[in-house]
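The values are calculated or read from the model by the stated rules, or taken from the named source; none is laboratory data. This structure is a prediction, so every number in the text was calculated from the model and none was measured. Every residue, glycine as well, gets a Cβ built from its backbone with ideal geometry; the counts of neighbours run over all protein chains shown. Heads up: the accessible areas ignore ligands, DNA and RNA and are worked out on the full protein's heavy atoms, side chains in. Shrake-Rupley method; radii C 1.70, N 1.55, O 1.52, S 1.80 Å.
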Amino acid sequence: MRIIHHVNELRALLDDIRRAGKRIAVVPTMGNLHRGHIRLVETAVTRADFVVSTIFVNPMQFGRNEDLDTYPRTPDADIEKLTTAGCHCLFAPPVSDIYPNGLDDHTVVSVPAISERHCGASRPGHFDGVATVVSKLFNLVQPDIAIFGLKDYQQFQVIRKMTSDLCFRIDIIGVATERDTGGLALSSRNGYLSDAEKETARQLYQTLTQTAERLTHGAQDFRALEREAQQSFITHGIKPDYFNICQADTLAPANAADQHLVIVTAAFVGATRLIDNIEVTLKK
Ligand code: PAF
């Protein structure tokens, strides 16, 4: 696997790859790779000739009081996992290569409406940071396909809309969430949880699946389901941020007339904020 830190070197390598007629995939990550990330790379390997994974802890998507400084960084283990998964190139740039003029006076890519809901309401500016860095990575790599995990469902839809609105000729592919045996969605932030907190955190997916079942059995009052789920979190010692039943594409609030839904949630287990979701298709 080639390991590249600088933009010029990446561009030179990928010019050669493109001239050779190879199909390029990009798998953007912030590192501290777990089985979920590796599944993305494995998917990329089956769909492209040349796979570029990126590791960049993007300061623009972290709020002032968030965990940018303590975000787990495990470069050696990441390199080993990417190599085993068959990744061809790791691009791991310093902040100065991605934001050479700093962050304060930088062009911002902002995807309206969808970026303001759910996590966007709790983390103002977060999706502007994501959309801006992903646009840069798309311009640098110029991939044919890009692979993202569906655990970050809102991020996935923000990136899909951005790709369509800005006419990037890139197929955006979503890969199902990897879970532990108790249903906890794999996340780099699970490393902040104690064993007892992990057990509590499994309640997120249980509540999502219970609510999904009630929807498929014909429950009509979506707002009441949301309130009950939040109450159930509180009973289990979890502090809900949001639990929302939405239209899958726009993430706008859904009602009983909608067919393709997603339930998205964020909640605090101890000091750790976790997110999860489940898609539900209703028969009409
Ligand atoms: O999902 C992530 O790890 C990040 O939000 C991404 C897409 C790599 C952008 O920094």
Look at the stretch 137-157 and say how many of its residues are assigned to a helix (DSSP H, G or I), more than 10 Å from the ligand (Cβ to nearest atom) and either under 21 Å from LEU10 (Cβ atoms) or not polar (S, T, N, Q) (or both). 5
Tell me, yes or no, whether the stretch 163-175 has at least one residue that is touching a residue at least 24 places away in the same chain (Cβ under 8 Å) and farther than 25 Å from SER115 by Cβ. no
Examine the stretch 120-127 for a residue that is closer than 30 Å to ARG23 by Cα and part of a helix (DSSP H, G or I), and state whether such a residue exists. yes
Scanning for something part of a helix (DSSP H, G or I), touching a Gly at 6+ places or on another chain (Cβ under 8 Å) and not aliphatic (A, V, I, L, M), does the stretch 219-227 turn up at least one residue? no
Which of (1) over 24 Å from TYR192 (Cα atoms); (2) within 16 Å of the ligand (Cβ to nearest atom); (3) assigned to a loop (DSSP other than H, G, I, E, B); (4) out of contact with any Phe, Trp or Tyr (no Cβ under 8 Å at 6 or more places or on another chain) does PRO100 not meet, given it meets every other one? (2)
Conditions (1) in contact with a His (Cβ under 8 Å, 6 or more places away or on another chain); (2) part of a loop (DSSP other than H, G, I, E, B); (3) closer than 21 Å to LEU33 by Cα -> GLY63 fails only (3)
Only residues that are open to solvent by 20 Å² or more (accessible area, probe 1.4 Å) and within 26 Å of LEU193 (Cβ to Cβ): list them for the stretch 243-273, please. ASN244, PHE268, GLY270, ALA271, ARG273
Restricting attention to the stretch 46-58, and to residues there that are in a strand (DSSP E or B) and over 18 Å from the mean Cα position of the chain (by Cα), which single residue is surrounded by the most Cβ atoms within 10 Å (Cβ to Cβ)? VAL51
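Regarding SER232, is this residue hydroxyl-bearing (Ser, Thr, Tyr), open to solvent by 70 Å² or more (accessible area, probe 1.4 Å) and not in a loop (DSSP other than H, G, I, E, B)?
Considered against the rule, which asks whether it is hydroxyl-bearing (Ser, Thr, Tyr), open to solvent by 70 Å² or more (accessible area, probe 1.4 Å) and not in a loop (DSSP other than H, G, I, E, B), SER232 comes out as no.
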Exactly one condition in (1) assigned to a loop (DSSP other than H, G, I, E, B); (2) touching a residue at least 12 places away in the same chain (Cβ under 8 Å); (3) charged (D, E, K, R) is false for ASP78; which is it? (1)
Tally of residues being open to solvent by less than 20 Å² (accessible area, probe 1.4 Å), assigned to a helix (DSSP H, G or I) and within 15 Å of the ligand (Cβ to nearest atom) across the stretch 6-45: 4
